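What follows is a short report on a single structure.
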Amino acid sequence: MAPISFPARLKQLADEAPDRVAVTCDGRQITRAQLETRADTLARHLRDLGVGEGDLVTMALPNSIDWYVTALALWKLGATPQPVSYRLPAVELEAIIELANPPLVIGTDATPTSSRPLFKVSEWLRDNPAPSGDTEPLPDKISPAWKAPTSGGSTGRPKLIVSGDPAAMDPDAAPPLMTQRDGCMVMPGPLYHNAPVVWTCQALLWGNHVVLLPRFDAHATLAAIEEHRGDVVYVVPTMMKRIWRLPIDEREAYDLSSLRVVWHLAEPCPVWLKEAWIEWLGAEKIVELYAGTEAQMATIITGPEWLAHRGSVGRVPPGQVMITDEDGNELPPGEMGEVWMRSARETPTYRYIGAQARQRDGGWESLGDTGYLDADGYLYLGDRLSDMILSGGANVYPAEVEAALQEHPAVESCAVIGLPDDDLGNRVHAIVQANASTFDAEHVKSFLAERLVRYKVPRTFELVSEPLRDDAGKVRRSELRAQRIPN
């Protein structure tokens, strides 16, 4: 069958089973038919406000049913959802608006004033519960790009990553991401990050009931799987750790027998944590994906495969990854270097607005990650090049130190950075979220000495009370470092 637009597909699903629940969030539900009707009504109003085909429209919305109503309304107009955090400060939001050039910003009372009109979508949907005026079917349109998320990257400056895929799909194809038709996906991640958008929107297009949490909570995630019989759940290692550290009688009180797939991605997963989840739920259910939002290439590794290649993120399709040294020379298996990717597609998978891709001849691109390939073609990741610490002539990768730190029971979250040092050039500095009354730096150093070579053990520790990673598991080490180095 020829591809059809996202709106046509969701209308098709609504016609097939109008009363089936499409999205559940924070005690509210919306059926397929209600989603279709609400999005249609909103699309007409947004059209009257000037939103048109090809527009990027900035969405500063929290996790909610209204997020999906808004995205569908934009697709109906041939526009592109451009999601951002609803908690962005004014300066960051304005920088993104300059790049996206939206006709308006869709947000809430908390959205900062900007150079574009603010449309408070939840208020409007509340005050306009039923269609009015023109109810003629909207013309079927396909947005030229189905999403345009943002990324701060290693520079901290925002860029837009506009998808190379239009808002169209083949309803006769096999469902992606190990979803099944008419299944149930549980999503505790924030919709201002790319992966939660991809996972949940694809789930919706294949008729799944999307159970969206307003924010991550360990108990609430497990309760949602049990209550709604979720068969797929998306988590990041930060979430996995918080769930794992629940008292065992609480964690095992939930019925998770409906789960088929536990996807994890977005940040490195410590080996000990992955082993714990495999032992708990079974290797066949644990699946990891590595890719950038740019989607030039992706690797997937199942639990049984990972047990044979511990620490890997998956086998690389031949010809799609190359590891090079600082001079650009290709490295043999086992040697750490910069990871270069090459898409197998004839058409681009993305385009940047506000940045230039790091490229080299032959169609190769780099996201700034380091890693190595083993003899069987499995990829093992290090850190971002910009985050690597050169201390006393030795390379220290923060993710490795963080993984060891996170094993300590007193550590809730952590970030490792390099700070200037007269002797070493840079010293390894650990920023740790922990209770000051239970954190003993000397004990932690001894703990780490059993897991890391001496030069990788942090020389200094700094206690903080706030989380260092966001709900998607992301941490900006470059920003943390800049805050601690005097101008």
### Query
So how far, in whole Å, is the C-alpha centre of the stretch 71-108 from the one of the stretch 114-148?
13 Å
### Query
Taking all protein chains as present, what is the carbon and sulfur share of the accessible area of the stretch 1-160, in % to the nearest whole number, probe 1.4 Å?
50 percent
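For the stretch 356-475, what's the relative contact order in percent, using C-alpha pairs closer than 8 Å and at least 6 residues apart? Display every interim value, and only then the final one.
Details: 182 pairs, mean separation 22.5, N = 120.
Once divided by the residue count of the stretch 356-475, the mean separation gives 19 percent.
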### Subset of 159/241; 241/445; 147/474 violating a 23 Å alpha-carbon distance limit
159/241
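How much length is gained if the chain between residue 422 and residue 435 is pulled fully straight, taking 0.36 nm per residue apart and subtracting their Cα-Cα distance, in nm to one decimal?
Numbers: separation 13, 0.36 × 13 = 4.68 nm, distance 3.08 nm.
That pair, residue 422 and residue 435, stretches by 1.6 nm at full extension.
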### Task
First obtain the Kirkwood hydrodynamic radius of the chain from its Cα pairs, then insert it into the Stokes-Einstein equation at 4 °C and 1.567 mPa s, and state the resulting D in µm² per second as a whole number.
54 µm²/s
### Task
Report in % the part of the accessible area of the stretch 162-256 that belongs to carbon and sulfur, leaving out ligands and nucleic acids; probe 1.4 Å.
52 percent
### Summary
Cα-based Rg/(2.2 N^0.38 Å) for the stretch 258-319, rounded to two decimals, is 1.11
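Rolling a 1.4 Å sphere over the protein heavy atoms, what is the accessible area per residue of the stretch 88-222, to the nearest Å²?
On the way: 5540 Å² over 135 residues.
Ligands and nucleic acids excluded, the figure is 41 Å² per residue.
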### Summary
The alpha-carbon center of the stretch 186-225 and that of the stretch 313-379 are separated, in whole Å, by 30 Å
### Query
Angle, helix 65-76 long axis vs. longest principal axis of the chain, Cα atoms, 0 to 90°, nearest 10?
70 degrees
#### Entry: Computed E for residue 135/residue 307 - FRET, C-beta separation, R0 60 angstrom, nearest 0.05
0.60
### Query
How much of the accessible area of the stretch 310-383, in percent, comes from carbon and sulfur atoms when a 1.4 Å probe is used?
44 percent
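Kindly report the accessible area of the stretch 253-322 per residue (heavy atoms of protein chains, probe 1.4 Å, no ligands, DNA or RNA), in Å². The partial results should precede the final answer.
Numbers: 2600 Å² over 70 residues.
Value returned for the stretch 253-322: 37 Å² of accessible area per residue.
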### Message
Let me check I've understood the local charge: for residue 313, count other residues with C-beta under 15 angstrom from its C-beta, Lys and Arg +1, Asp and Glu -1. What total comes out?
### Response
-4
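Explain nothing, just the number: relative contact order of the stretch 337-390, from Cα pairs under 8 Å at least 6 residues apart, as a whole percent. Mind showing how you got there, number by number?
Values: 60 pairs, mean separation 18.9, N = 54.
For the stretch 337-390, the relative contact order is 35 percent.
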### Task
Using 0.36 nm per residue of separation minus the Cα-Cα distance, give me the extension gain between residue 474 and residue 95 in nm, one decimal.
134.4 nm
### Message
Per residue of the stretch 402-408, what does 6.51 cos²θ - 1.76 cosθ + 1.60 with θ = phi - 60° give for ³J(HN,Hα)? Whole Hz please, x for Gly and Pro, Karplus curve as stated.
### Response
4, 4, 5, 4, 5, 6, 6
### Query
How much solvent-accessible surface does residue 438 expose, in Å² to the nearest 10, with a 1.4 Å probe and all protein chains in place?
90 Å²
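How much length would be gained if the chain were fully extended between residue 245 and residue 280, taking 0.36 nm per residue of separation minus their Cα-Cα distance, in nm to one decimal?
Values: separation 35, 0.36 × 35 = 12.60 nm, distance 1.26 nm.
Extending this stretch completely gives an extra 11.3 nm.
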### Query
the stretch 371-419: percent of C-alpha pairs farther apart than 17 Å?
46 percent
### Helix 218-228 axis, angle to the chain major axis (alpha carbon atoms, nearest 10°)
40 degrees
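With a 1.4 Å probe and all protein chains left in place, how much accessible area per residue does the stretch 365-487 have, in Å²? Working shown, then result.
Values: 5900 Å² over 123 residues.
About 48 Å² of surface per residue is accessible.
What percent does the relative contact order of the chain come to when contacts are Cα pairs within less than 8 Å and at least six residues apart? List each step's numbers first, then the result.
Numbers: 989 pairs, mean separation 52.4, N = 487.
Taking the mean separation of contacting Cα pairs over the length of the chain, I get 11 percent.
At 4 °C and 1.567 mPa s, what whole-number value in µm²/s does Stokes-Einstein give for the translational diffusion of the stretch 1-130, with Rh from the Kirkwood sum over Cα pairs? List each step's numbers first, then the result.
On the way: Rh = 15.1 Å.
Reported coefficient: 86 µm²/s.
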### Message
Need one number: nm distance between label points at residue 459 and residue 357, each 7 Å from Cα along Cα→Cβ, rounded to one decimal.
### Response
4.0 nm
#### Entry: Calculated from backbone phi, Karplus (6.51, -1.76, 1.60) coupling profile of the stretch 293-306 in Hz, x at Gly/Pro
4, 5, 6, 5, 7, 9, 10, 10, 9, 7, x, x, 5, 5
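The values are calculated or read from the model by the stated rules, or taken from the named source; none is laboratory data. Treat the numbers as computed from the prediction; the structure is a model and nothing was measured. Note that each Cβ is placed from the backbone with ideal geometry, even for glycine, and that neighbours are counted across all protein chains shown. Accessible surface is based on the protein model in full, side chains and every heavy atom, while ligands, DNA and RNA are left aside. Shrake-Rupley method; radii C 1.70, N 1.55, O 1.52, S 1.80 Å.
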